[in-house]
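To keep things clear, I will list the structure first and then write my remarks on it.
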Amino acid sequence: MLEIRNLHATIDDQEILRGIDLKVSAGEVHAIMGPNGSGKSTLAKVLAGHPAYEVTEGEIIYEGKNLLEMDPDERAREGVFMAFQYPVEVPGVSNAQLLRLAYNEKRKHQGLEELDPLEFKELLAERAKLVDMDLSFMSRSVNEGFSGGEKKRNEILQMAVLEPKLAILDETDSGLDIDALRIVADGVNKLRRPDNAIILVTHYQRILNYIIPDYVHVLYRGRIVRSGGKELALELEEKGYDWIKSEAGVTASA
Amino acid sequence: MSTNIELLANREYKYGFVTEIEYEDFPRGLNEEIIRLLSERKGEPDWMLEFRLKAYRHWVTMREPRHWPNITYPEIDFQSIVYYSAPKQRPKKKSLDEVDPELLRTFEKLGIPLHEQKLLAGVAVDAVFDSVSVATTYKEKLKKMGIIFCSMSEAIREYPDLVRKYLGSVVPPNDNFYAALNSAVFSDGSFCYIPKGVRCPMELSTYFRINNAESGQFERTLIVAEEGAYVSYLEGCTAPMYDRNQLHAAVVELVALDDAEIKYSTVQNWYAGDEEGRGGIYNFVTKRGKCLGRNSKISWTQVETGSAITWKYPSVILMGDNSIGEFYSVALTNHRQQADTGTKMIHIGRNTRSTIVSKGIAAGKSSNSYRGLVKILPKAENARNFTQCDSMLIGSECSANTFPYIEVMNNSSRAEHEATTSRISEEQLFYLQQRGLSQEDAVSLIINGFCKEVFRELPMEFAVEAQRLLGIKLEGSVG
């Protein structure tokens with residue numbers, strides 16, 4: 001589904017990603033872990049096409065297409081979804097309005113009929129249950145006045161409505177208390193399917209107790225310095241990132 | 001992809017075409033002879049001529065309001081303007097079949113069909129082309145309910161007592177420079193009278209079109225709602241694209257008696273000039289309503305997207321006790337447009353209420369100012385005002401200003417003022433694009449969200465039109 005080859009990316013002429021290689025197949029969950037500033041969120045944003053980042057080298061092939069040639073909205077319509085670490089507020093635009101617009105953009109792209117507000121309302125009600133979200137949130141402005149946890153749940157609701165092929169969750173667990181974390185993780189698990197893939201960007205191992213990854217990659221200074229199964233996350237939890245840092249330092253100087 | 005929010009080109013102005021038609025023009029310039037000629041041509045009674053001459057004599061002593069508004073523009077040569085310009089046609093038209101088909105086609109092209117079989121459902125239209133009213137639809141139907149809806153010229157001939165009683169009663173001829181000019185030379189406009197207790201069953205609408213490159217447009221609108229009457233009135237405007245500036249100086253007067261309500265909505269889309277600021281309409285307009293009666297209500301809703309310069313402050317004089325004044329405004333400026341717009345709420349009666357919601361959107365190199373006065377006089381006990389002024393900036397070369405003036409002269413009243421300034425952020429755009437919306441749709445959605453409180457005040461069809469218009473106006477302004 002996704003193949004990243006030797007990806008280098010900069011922001012304001014500062015290199016953040018320094019040669020990432022990663023392959024993700026349908027049905028898989030990949031966790032990207034690493035200390036602060038290692039480039040985790042940059043990787044997520046580059047995949048989604050954030051305009052502030054410049055790709056200086058390498059390529060990203062998604063479903064056989066060159067992802068880097070596509071605008072962010074094209075990527076989205078092709079099934080790439082990013083749950084934001086800091087979801088953005090859009091005053092005056094209701095949650096339901098944005099969701100319906102986004103959903104219909106995707107339907108149009110797929111050559112399907114758009115849903116009218118009533119049809120969409122039914123779909124929305126059903127999906128909202130996945131993240132235990134009250135329908136009163138649907139008439140409120142997008143993320144305006146939402147608590148941190150509500151914003152994150154709202155991101156997963158959007159994911160549930162848009163049913164992406166590739167979902168990138170950028171620190172969706174940060175700032176969540178244990179109950180909210182469980183709701184969000186449950187929602188994500190219900191959306192796992194053999195034909196979609198999830199990239200889970202996280203600093204902590206905690207969420208991986210709920211969303212069990214197939215692979216764990218450790219990012220450090222813009223490179224993947226270690227990959228393994230879910231047990232790697234536990235090892236990190238136990239030993240901390242210093243272990244990786246010193247090991248990477250050794251490799252680098254060797 | 002560019003990371004800067006910057007300006008690209010605007011979409012072509014859709015209404016910029018010129019209608020080829022024969023004109024009867026007056027010579028350029030203004031003097032008493034021209035006014036006499038104008039009045040004679042329109043077959044006006046003596047009192048009307050006197051009204052004009054008095055206004056003119058006052059106007060020559062007045063000065064252009066150049067210093068206080070936040071706008072700059074070159075000298076206007078008032079003697080180079082053609083003050084009366086009418087499409088040549090038979091003097092009296094009995095039916096639309098006698099109206100020049102070229103004119104009918106023009107309005108059709110603008111989306112305003114005047115033929116009976118194609119009439120806009122639920123909207124009666126008075127179409128004004130340059131200096132004269134071309135046609136008024138649904139007139140007979142309204143007449144049966146006692147509602148008068150006709151051109152101002154016709155009203156002066158047919159209903160002189162009503163016109164004479166109210167014309168200039170809200171905006172006196174010497175009110176300001178442009179109102180005085182208008183009072184001297186206004187050529188046409190709409191007149192609308194809703195009798196006691198009648199609720200007008202359809203939207204009344206005037207569509208203004210400036211076609212002639214050399215003429216100014218000076219229309220005059222007067223709306224009177226008798227006791228307990230209700231009317232919703234819409235006004236739309238477009239003009240062809242010329243590289244010279246044209247002057248538009250209108251006066252609108254509204255009078256609401258006891259328990260009457262007037263809702264006045266405008267979507268202004270005069271030609272705004274090109275990206276470099278060449279051409280476009282100078283829009284100097286005086287709009288004012290008088291809540292004369294108890295419990296009366298006047299509500300202005302405006303969506304201002306056009307004109308090179310907008311100078312306009314639709315106001316309400318709250319005389320009757322418990323009367324209500326409202327002003328909902330979206331003003332959008334792009335490229336080199338300049339807008340200085342807002343309102344005045346003058347509280348005179350007791351328990352009077354006013355609400356002001358102003359949304360200014362500035363893009364390109366434009367300048368967008370809100371200027372508003374809330375004045376609560378000593379006798380206006382328990383008066384209340386709430387003002388909210390929000391500005392949104394798109395790009396870094398535009399400016400937005402807020403100039404609120406608040407004068408409260410008693411202790412029982414209260415005025416509240418809230419103001420915010422925001423920017424469309426790259427993060428907001430990226431967020432919406434990441435959900436599959438194109439950049440233009442994303443901008444449009446953000447702007448429409450920003451303007452929501454105003455759009456919901458507009459009649460349905462107008463709201464849709466307004467949202468679409470904002471989208472078009474901003475197309476390419478973020479890139």
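Listed values, structure above:
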{"read-out": "Test: B:S422 is within 13 Å of chain A (Cβ to nearest Cβ) and open to solvent by 40 Å² or more (accessible area, probe 1.4 Å)", "value": "yes"}
{"read-out": "Complete set of residues in the range A:141-150 that are surrounded by fewer than 22 Cβ atoms within 10 Å (Cβ to Cβ) and either under 17 Å from A:M82 (Cα atoms) or away from chain B (no Cβ under 12 Å) (or both)", "value": "A:G145, A:F146, A:S147, A:G148, A:G149, A:E150"}
{"read-out": "Scan of the range B:21-80 for residues that are charged (D, E, K, R) and surrounded by 13 or more Cβ atoms within 10 Å (Cβ to Cβ), ordered by number", "value": "B:E24, B:D25, B:R28, B:E32, B:R36, B:R41, B:K42, B:E44, B:R52, B:K54, B:R57, B:E64"}
{"read-out": "Filter result for the condition that a residue is open to solvent by 10 Å² or more (accessible area, probe 1.4 Å), under 22 Å from B:W270 (Cβ atoms) and touching a residue at least 40 places away in the same chain (Cβ under 8 Å), over B:E457, B:E453", "value": "B:E457"}
{"read-out": "Selection within the range A:81-131 - of a type in the set (K, R) and either at pLDDT 95 or above or more than 24 Å from A:A44 (Cβ to Cβ) (or both)", "value": "A:R100, A:R107, A:K108, A:K121, A:K129"}
{"read-out": "Number of the exception - A:N66 against (1) open to solvent by 40 Å² or more (accessible area, probe 1.4 Å); (2) out of contact with any strand residue (DSSP E or B) (no Cβ under 8 Å at 6 or more places or on another chain); (3) more than 10 Å from every other protein chain (Cβ to nearest Cβ); (4) not β-branched (V, I, T)", "value": "(2)"}
{"read-out": "Residue list for the range B:324-342, filter: in contact with a Gly (Cβ under 6 Å, 6 or more places away or on another chain) and part of a loop (DSSP other than H, G, I, E, B)", "value": "B:N334, B:H335, B:R336"}
{"read-out": "Whichever residue in the range B:433-443 is more than 7 Å from chain A (Cβ to nearest Cβ) and open to solvent by less than 30 Å² (accessible area, probe 1.4 Å) and, among such residues, is modelled with the lowest pLDDT", "value": "B:V443"}
{"read-out": "Helices (runs of 4 or more DSSP H) fully within the range B:373-479 counting 1 or more residues that are within 30 Å of B:H347 (Cα to Cα)", "value": "B:439-450, B:452-455, B:460-474"}
{"read-out": "Selection status of B:I298, open to solvent by 10 Å² or more (accessible area, probe 1.4 Å), farther than 20 Å from B:P69 by Cα, touching a Cys at 6+ places or on another chain (Cβ under 8 Å) and of a type in the set (A, V, I, L, M)", "value": "no"}
{"read-out": "Hits in the range A:159-182 (condition: assigned to a helix (DSSP H, G or I) and among the aliphatic types (A, V, I, L, M))", "value": "A:M159, A:A160, A:V161, A:L162, A:I178, A:A180, A:L181"}
{"read-out": "Tally of residues being more than 12 Å from B:F430 (Cα to Cα) and either within 7 Å of chain B (Cβ to nearest Cβ) or in a helix (DSSP H, G or I) (or both) across the range A:76-89", "value": "1"}
{"read-out": "Any hit, the range A:127-136, residues being within 14 Å of another protein chain (Cβ to nearest Cβ) and in contact (Cβ under 8 Å) with a residue 12 or more places away in the chain", "value": "no"}
{"read-out": "Qualifying position, being open to solvent by less than 20 Å² (accessible area, probe 1.4 Å), hydrophobic (A, V, I, L, M, F, W, C), away from chain B (no Cβ under 14 Å) and part of a helix (DSSP H, G or I), among A:L118, A:L43, A:L98, A:L123", "value": "A:L43"}
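A quick yes/no check of all residues on (1) under 22 Å from A:E163 (Cα atoms); (2) surrounded by 16 or more Cβ atoms within 10 Å (Cβ to Cβ):
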{"site": "A:K190", "(1), (2)": "yes, no"}
{"site": "A:A197", "(1), (2)": "yes, yes"}
{"site": "A:V201", "(1), (2)": "yes, yes"}
{"site": "A:P213", "(1), (2)": "yes, yes"}
{"site": "A:V216", "(1), (2)": "no, yes"}
{"site": "A:G222", "(1), (2)": "no, yes"}
{"site": "A:L232", "(1), (2)": "no, yes"}
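The values are calculated or read from the model by the stated rules, or taken from the named source; none is laboratory data. Computed from a predicted model, the values in this text were never measured in an experiment. All Cβ positions, even for glycine, are placed from backbone atoms using ideal geometry, and neighbour counts span all protein chains on display. Please note that ligands, DNA and RNA were not included when accessible areas were found on the heavy atoms of the full protein model with its side chains. Shrake-Rupley method; radii C 1.70, N 1.55, O 1.52, S 1.80 Å.
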